[in-house]
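J.: Dumping the structure here so I can ask a few things about it.
Read the figures in this text as sums done on the coordinates, not as results from a lab. Keep in mind it's a predicted model, so treat the numbers as computed, not measured. Heads up, the Cβs are rebuilt from the backbone with ideal geometry, glycines too, and the neighbour counts pull from every protein chain shown.
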Amino acid sequence: MAIIITDECINCGACEPECPNTAIYEGGVEWTWGDGTSLTSIEMEDGSSIDGSEDQEPVSDEFYYIVPDKCTECIGFHEEPQCAAVCPVDCCVDDPDYRETEEELTAKKEWLHDE
């Protein structure tokens, strides 16, 4: 399962540098698949392909956000999600919309980092 940042976020930014997948971005900032990963192109569900450096729409315009498809809950890097560990207001929580097993998270980590 991915982690989500709730609307209780105070925009302190403590979480962003802790993410090993570069899945956390400041509100309103566009993101890319390739940022912090080895992805150079992505095949979308509809079969189309996009460049890994192509800007994507922000998930939130108001507060820091996590791109769920880049979040591995720090599996393969740390014992626990680092964003949650450093968040001073405990707003980095499990995202009920993205439930994944440890095996799925490990596979995602390997996909993101070409291992």
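Every residue, every condition in (1) acidic (D, E); (2) farther than 23 Å from E80 by Cβ; (3) out of contact with any Leu (no Cβ under 9 Å at 6 or more places or on another chain), yes or no:
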| position | (1), (2), (3) |
| --- | --- |
| I10 | no, no, yes |
| G28 | no, yes, yes |
| W33 | no, yes, no |
| G47 | no, yes, yes |
| G52 | no, yes, no |
| P58 | no, yes, yes |
| F63 | no, no, yes |
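J.: Hey, can you tell me all the residues within the range 65-115 that are touching a helix residue (DSSP H, G or I) at 6+ places or on another chain (Cβ under 9 Å) and either among the hydroxyl-bearing types (S, T, Y) or in a helix (DSSP H, G or I) (or both)?
T.: D69, K70, T72, Q82, C83, A85, V86, Y98, K108, L112
J.: Looking for something outside any loop (DSSP other than H, G, I, E, B), touching a Phe, Trp or Tyr at 6+ places or on another chain (Cβ under 7 Å) and under 19 Å from I5 (Cα atoms) - is there at least one such residue anywhere in the range 40-52?
T.: No: zero hits.
J.: Could you list, in sequence order, all residues of the range 19-35 that are without any contact (Cβ under 8 Å) to a residue 40 or more places away in the chain and assigned to a loop (DSSP other than H, G, I, E, B)?
T.: E26, G27, G28, V29, E30, T32, W33, G34, D35
J.: Is the range 7-30 home to any residue that is exposed (fewer than 11 other Cβ atoms within 10 Å of the Cβ), over 15 Å from the mean Cα position of the chain (by Cα) and acidic (D, E)?
T.: yes
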